[in-house]
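Only one structure is covered here, and it is reproduced in the block below.
Bear in mind these aren't lab numbers, they're just calculated from the coordinates by the rules spelled out. For clarity, every value in this text was computed on a predicted model and none was experimentally measured. Counting neighbours? That spans all protein chains shown, and the Cβs are built from the backbone with ideal geometry, glycine included.
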Amino acid sequence: MTTQEKLNWIQNDFITILQSVNADAKGNWGVMNAQQMTEHMSYSVRQANGKDQKTLLTPSEHLERIRSFMLSDKPFRENTKNSELPDVPLPVKTTSMEEAIEEFKDELSTFVNHFKGNESILVMNPFFGELNFEQWVHLLHKHAMHHAKQFGWVG
């Protein structure tokens, strides 16, 4: 898939899927419900669009290996632990699934606009280091596919 195809999938297909599910839907693994996961995806995009600036957590001696995985087409494993998240999901911040989806769409729009005209800008990811637009789209697509599989929305 090209970068544009991945971005289109997130902006269209993934959002269409989110719009068709109940906020309380549970995944096949993990502890978040659909609304919590949607808010979690917004949080990820806020990192990508530069609103939520992060510092690198990965030790330098592991960064090349971890970045290589991130840039590959290998999916995240089920129950992949995110050290920035608590074991118990955060309570929802939005009042409804619809509001959570609108927030996600707004963050995606900010993301695209942040890189418009300069896709080589680097924005720090706490696990994978500084990423440009293409790398962020790849990661956001991989992340969205991970959650789509978690909830059984894609094979």
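Things to note:
- Inter-label distance, nm, simple model (7 Å from Cα along the C-beta direction), PHE69/SER20: 3.1 nm
- Degrees separating the helix 97-115 axis from the principal Cα axis of the chain, which is the longest one: 20 degrees
- Net charge of the neighbourhood of SER42, taken over other residues with C-beta under 12 Å away and scored Lys/Arg +1, Asp/Glu -1, is -3.
- Take the Cβ atoms of ASN28 and SER96, set R0 to 30 Å, and the FRET efficiency comes out at 0.80.
- FRET efficiency, THR110 to ASN132 (Cβ-Cβ, R0 25 Å, nearest 0.05): 0.90
- Put a plus charge on the Cβ of each Lys and Arg, a minus charge on the Cβ of each Asp and Glu, and nothing anywhere else: the dipole of region 53-155 about its Cα centre is then about 320 debye.
- With respect to the chain, whose longest principal axis is taken over its alpha-carbon atoms, helix 34-48 is tilted by about 20°.
- The packing ranking of peptides 51-64, 135-148, 101-114, 2-15, highest mean first, is 135-148, 101-114, 2-15, 51-64, where packing means the average number of other beta carbon atoms within 10 angstrom of each residue.
- Within region 20-87, chymotrypsin sites (Phe, Trp or Tyr not before Pro) in DSSP loop having at most 15 other beta-carbon neighbours inside 10 Å: TRP29
- Gain on full stretching of the segment that runs from VAL88 to ASN8 - 0.36 nm per residue minus C-alpha separation: 25.6 nm
- Vicinal HN-Hα couplings computed from phi for region 61-68 (Karplus, 6.51 cos²θ - 1.76 cosθ + 1.60; Hz; Gly/Pro x): 5, 9, 4, 4, 5, 5, 5, 4
- Whether region 68-130 is rounded, prolate or oblate, judged on the alpha carbon gyration tensor where a/c under 1.5 counts as rounded: oblate
- Length-normalised contact order for the chain - Cα pairs under 8 Å, 6+ apart - percent: 40 percent
- Extreme residue, positive dipole direction of the chain, given options GLN35, ILE17, MET124 (C-beta unit charges): MET124
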